[in-house]
Amino acid sequence: MQVYEAPLRDMKFVLHELHTDDGFGNLEALAEFTPDLVDAVLEEAAKVAQEVLLPLNRSGDIEGCTLENGVVRTPKGFKEAYDMFREGGWCALASDPEWGGQGLPEALNKLTEEMICSSNLSFSLYPGLTHGATTAIEGYASDALKQAYLPKMVEGTWSGTMCLTEPHCGTDLGMLRTKAVPAQESNGGDDSYKISGAKIFISAGEHDLTENIIHLVLARLPDAPEGVKGISLFLVPKYLPKEDGTPGPSNGVSVAAIEHKMGLKASATCQLNFDDSIGWLVGTANKGMEAMFKMMNTERVSVGIQGLGVGEAAYQSAVWYAKDRVQGRSLSGVKNPKGPADPIIVHPDVRRMLMTARAYNEGSRAVGAWVSRALDAEKHATDPAVKARAEDFIALMTPVVKALFTDCGYESANLAVQVYGGHGYIAESGVEQFVRDARIAMIYEGTNGIQALDLVGRKMPAHAGRYLRSFFHPVSDFIEANKADETFGKMIEGLEKAFGALQLSTGTIAQKGMKDPEEAGAAATDYLRLLGLVAMGYTFAKAALIAKARLDEGTEDAAFYTAKIGTARFFFDRLLPQATAAFLAIKSGKASMMALDVDMF
């Protein structure tokens with residue numbers, strides 16, 4: 001059974017208590033968003049997620065999207081839910097007020113994204129991709145394009161996509177073949193282009209939720225340099241807007257097929273053809289990857305939140321079942337004497353699975369809130385030093401958020417199926433959908449392996465390790481200040497050892513990687529996991545200290561803080577030791593990984 005209740009108490013904890021000392025708060029531009037206002041938004045978002053989107057999750061998975069006569073239909077109830085979502089202002093939550101947005105903090109926006117993803121991941125892609133597209137347009141498009149497209153996209157009347165992948169190229173976009181040639185004045189004006197080519201795997205590429213769909217398309221201009229240095233970005237609407245701003249004639253964008261996928265069946269993933277479609281250049285010619293990466297980096301953080309969202313829903317569904325299902329007796333004695341057996345939540349191995357998912361979720365939420373606060377500081381800080389530190393921290397942590405959160409979310413979904421046993425493998429339970437839906441988050445917006453390569457190949461050595469200092473310094477300072485703590489000294493000692501392993505691994509990769517790039521590549525995935533575990537450990541240790549202080553004060557919310565300490569202890573006892581394994585794997589180098597000749601496989 002799919003069960004979900006927004007974890008509002010933990011969300012308020014990471015917003016208001018956990019990160020008050022990170023140097024990214026107290027932003028004058030966000031002063032109006034008081035804790036009471038923020039909490040009210042969270043509570044309303046929870047109602048939308050639980051009452052509107054969750055009931056459509058399984059039915060949408062069963063029905064899926066359909067393509068008929070070139071028109072894609074979303075599952076029953078999605079259009080009505082989207083209209084309600086748009087009319088409620090949820091599409092415009094974090095967008096710039098200049099274009100009709102509400103300008104709320106990203107730290108709040110990412111938590112609402114989590115709720116939407118928990119309740120209905122397929123639905124989340126429609127407004128989510130639009131928000132990413134508006135980021136690229138706002139950052140790089142001409143004023144005329146911004147005026148023409150952003151207001152409609154921000155309010156959700158029009159939606160957006162990103163069109164990168166082609167049948168023959170995915171990660172290696174330098175191979176793309178879609179062409180852009182200057183259009184005649186009669187076909188759109190001197191500054192317009194005709195776009196021709198085919199794109200695949202386009203999420204929300206065609207649907208019935210909005211009046212128009214605005215595609216951001218990577219293509220090549222005539223005589224463009226080869227490879228990624230010859231790629232430009234174009235804005236291509238499904239319908240060409242008329243002078244009054246309403247959708248006009250069709251623009252040569254057609255759907256060849258919708259993909260038949262493992263999961264996310266209520267999200268329309270399309271194969272699109274562009275046949276002399278009129279488009280406009282976004283940013284500078286042959287610099288399209290810069291503009292597209294603006295959108296992709298925004299989406300990568302959001303994809304990490306997708307992993308957290310699915311992990312939370314899977315965990316809650318597993319807890320519900322573990323309390324309801326009775327099988328066997330507790331090893332420590334009967335717990336349900338009036339029944340034929342005890343609830344399976346009494347069994348240690350079931351607790352192991354539930355606590356693992358819980359710790360991954362709470363750890364991801366805590367780290368995600370930290371990064372989200374940096375996103376706000378990057379945008380709104382008036383102190384150049386704070387803004388620069390936020391930029392460095394975001395650059396370092398974006399691949400970690402994307403890869404670690406989605407790895408953990410997928411693991412949590414699989415653990416939920418295991419808790420259900422045979423019933424979890426049956427579609428009627430609903431939990432196997434979490435596994436299918438979560439799997440894609442480890443692949444799109446750059447596979448998790450690509451994220452790891454980005455971390456060790458670009459972010460780690462950048463500016464002589466400057467990005468790393470934005471993370472290493474606060475962790476090191478915290479350890480020094482608290483490792484003698486009477487209650488949590490042993491816990492923080494564990495963090496110190498894991499942090500030491502991270503520092504040694506950094507040096508190992510830097511030394512070996514300079515001589516042999518394959519050494520860095522072989523270490524990348526383990527290094528990302530190691531850094532992410534240390535980040536979680538740091539936030540859990542902080543949370544434990546805060547929880548202890550609240551309990552000592554005599555809080556009325558003792559159960560929450562007691563559970564927070566218990567989850568932190570589990571993380572340090574059972575999950576942080578993965579850091580040692582990652583360190584040993586990194587230390588072993590590439591030798592055994594690359595030893596076999598290709599013909600031996």
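The values are calculated or read from the model by the stated rules, or taken from the named source; none is laboratory data. A quick note: this is a predicted structure, and the numbers were derived from the prediction, not measured. Please note: Cβ atoms are built from the backbone with ideal geometry, for glycine as well, and neighbour counts cover all protein chains shown. These accessible areas exclude ligands, DNA and RNA; they are computed on the full protein's heavy atoms, side chains included. Shrake-Rupley method; radii C 1.70, N 1.55, O 1.52, S 1.80 Å.
Considering region 222-250 alone, what residues qualify as being modelled with pLDDT of 95 or more and assigned to a loop (DSSP other than H, G, I, E, B)? 238 - this is the single residue of region 222-250 that is modelled with pLDDT of 95 or more and assigned to a loop (DSSP other than H, G, I, E, B). Checked against the criteria, residue 541 does not count as under 29 Å from the mean Cα position of the chain (by Cα), part of a helix (DSSP H, G or I) and over 27 Å from residue 357 (Cα atoms). For residue 553, indicate whether it is farther than 30 Å from residue 594 by Cα and open to solvent by 30 Å² or more (accessible area, probe 1.4 Å). For residue 553, the condition - farther than 30 Å from residue 594 by Cα and open to solvent by 30 Å² or more (accessible area, probe 1.4 Å) - is met. Here is the figure for region 106-137: residues that are of a type in the set (S, T, N, Q), within 21 Å of residue 10 (Cα to Cα) and open to solvent by 10 Å² or more (accessible area, probe 1.4 Å) total 1.
If the requirement is being modelled with pLDDT of 95 or more, out of contact with any Pro (no Cβ under 9 Å at 6 or more places or on another chain) and closer than 20 Å to residue 359 by Cβ, which of these qualifies: 585, 591, 595, 563? If you could, list the steps in order and put the result at the bottom.
Working: 585 fails: closer than 20 Å to residue 359 by Cβ; 591 fails: closer than 20 Å to residue 359 by Cβ; 595 fails: closer than 20 Å to residue 359 by Cβ.
Every option except 563 fails the conditions.
List pairs: first residue in region 421-433 and on the phi > 0 side of the Ramachandran plot, second residue surrounded by 15 or more Cβ atoms within 10 Å (Cβ to Cβ) anywhere in the structure, Cβ distance under 6 angstrom, at least six positions apart or on different chains. Filtered contacts from region 421-433: 430/2; 430/58. Out of region 8-43, which residues are open to solvent by 60 Å² or more (accessible area, probe 1.4 Å), touching a residue at least 24 places away in the same chain (Cβ under 8 Å) and out of contact with any His (no Cβ under 8 Å at 6 or more places or on another chain)? Those that are open to solvent by 60 Å² or more (accessible area, probe 1.4 Å), touching a residue at least 24 places away in the same chain (Cβ under 8 Å) and out of contact with any His (no Cβ under 8 Å at 6 or more places or on another chain): 9, 43.
Using the structure shown, decide if residue 201 is hydrophobic (A, V, I, L, M, F, W, C), open to solvent by 60 Å² or more (accessible area, probe 1.4 Å) and closer than 29 Å to residue 246 by Cα. I'd like the intermediate steps shown before the answer.
Values: hydrophobic (A, V, I, L, M, F, W, C): yes; open to solvent by 60 Å² or more (accessible area, probe 1.4 Å): yes; closer than 29 Å to residue 246 by Cα: yes.
When the stated conditions are applied, residue 201 passes them.
Taking region 356-375 as the range and being more than 11 Å from residue 412 (Cβ to Cβ), touching a Ser or Thr at 6+ places or on another chain (Cβ under 8 Å) and either free of Cβ contacts under 8 Å to residues at least 24 places away in the same chain or aliphatic (A, V, I, L, M) (or both) as the test, the residues that pass are 366, 367, 371. Looking only at residues of region 256-270 that are surrounded by fewer than 19 Cβ atoms within 10 Å (Cβ to Cβ) and out of contact with any Ser or Thr (no Cβ under 7 Å at 6 or more places or on another chain), we find that the one that is nearest to residue 221 (Cα to Cα) is 256.
Could you tell me which residue of region 138-176 is least open to solvent (accessible area, probe 1.4 Å), considering only residues that are β-branched (Val, Ile, Thr) and more than 25 Å from residue 86 (Cβ to Cβ)? Before the answer, list the steps.
Residues of region 138-176 that are β-branched (Val, Ile, Thr), as a first pass: 154, 157, 161, 165, 171.
Applying the additional criterion that residues be more than 25 Å from residue 86 (Cβ to Cβ) yields 165, 171.
On the way: 165: 34, 171: 98 Å².
Here the answer is 165.
In region 50-97, the qualifying residues are those that are aliphatic (A, V, I, L, M) and more than 28 Å from residue 8 (Cβ to Cβ), and the one that is least open to solvent (accessible area, probe 1.4 Å) is 72.
Is it true that residue 375 is open to solvent by 10 Å² or more (accessible area, probe 1.4 Å) and either at pLDDT 95 or above or under 23 Å from residue 568 (Cβ atoms) (or both)? Reasoning before the result, please.
Values: open to solvent by 10 Å² or more (accessible area, probe 1.4 Å): yes; either at pLDDT 95 or above or under 23 Å from residue 568 (Cβ atoms) (or both): yes.
Considered against the rule, which asks whether it is open to solvent by 10 Å² or more (accessible area, probe 1.4 Å) and either at pLDDT 95 or above or under 23 Å from residue 568 (Cβ atoms) (or both), residue 375 comes out as yes.
Identify all residues within region 459-496 that are of a type in the set (D, E, K, R), without any contact (Cβ under 8 Å) to a residue 24 or more places away in the chain and under 20 Å from residue 583 (Cα atoms); write none if there are none. Once the filter is applied, which keeps residues that are of a type in the set (D, E, K, R), without any contact (Cβ under 8 Å) to a residue 24 or more places away in the chain and under 20 Å from residue 583 (Cα atoms), region 459-496 yields 493, 496.
Scanning region 391-413 for residues that are in contact with a helix residue (DSSP H, G or I) (Cβ under 6 Å, 6 or more places away or on another chain) and under 30 Å from residue 326 (Cβ atoms), which turns out most open to solvent (accessible area, probe 1.4 Å)? Residue satisfying both the conditions and the ranking: 410. The condition of being under 28 Å from residue 475 (Cβ atoms) and among the acidic types (Asp, Glu) does not hold for residue 32. Among the numbered conditions (1) out of contact with any Pro (no Cβ under 9 Å at 6 or more places or on another chain); (2) outside any helix (DSSP H, G or I), the only one that residue 336 does not meet is (1).
From the list 230, 205, 245, which residue is small (Gly, Ala, Ser), on the phi > 0 side of the Ramachandran plot and in contact (Cβ under 8 Å) with a residue 40 or more places away in the chain? Exactly one residue qualifies, and that residue is 245.
Look through 329, 325 and report the one residue that is under 26 Å from residue 438 (Cβ atoms) and open to solvent by 30 Å² or more (accessible area, probe 1.4 Å). Can you show your working first?
Values: 329 fails: under 26 Å from residue 438 (Cβ atoms).
The unique qualifying residue is 325.
Checking each residue in region 191-211 for being more than 18 Å from residue 276 (Cα to Cα) and not acidic (Asp, Glu) picks out 201, 202, 203, 204, 207, 209, 210. In this structure, residue 294 does not qualify as in contact with a Lys or Arg (Cβ under 9 Å, 6 or more places away or on another chain), open to solvent by 40 Å² or more (accessible area, probe 1.4 Å) and either at positive phi or not hydrophobic (A, V, I, L, M, F, W, C) (or both).
Of note, residue 106 does not satisfy the criterion of being within 23 Å of residue 283 (Cα to Cα) and among the charged types (D, E, K, R).
Tell me yes or no: at least one residue of region 231-248 is surrounded by fewer than 21 Cβ atoms within 10 Å (Cβ to Cβ), of a type in the set (A, V, I, L, M, F, W, C) and over 27 Å from the mean Cα position of the chain (by Cα). Give the steps one after another, and end with the answer.
From region 231-248, those surrounded by fewer than 21 Cβ atoms within 10 Å (Cβ to Cβ) are 239-248; that's our starting set.
Next, only the ones that are of a type in the set (A, V, I, L, M, F, W, C) stay: 240.
Filter once more, so that each one left must be over 27 Å from the mean Cα position of the chain (by Cα): 240.
Yes, because at least one residue in region 231-248 is surrounded by fewer than 21 Cβ atoms within 10 Å (Cβ to Cβ), of a type in the set (A, V, I, L, M, F, W, C) and over 27 Å from the mean Cα position of the chain (by Cα).
Reported count of residues in region 162-180, each being part of a strand (DSSP E or B) and among the charged types (D, E, K, R), is 2.
One residue stands out among those in region 59-91 that are at pLDDT 95 or above and of a type in the set (A, V, I, L, M): the one that is nearest to residue 436 (Cα to Cα), which is 62.
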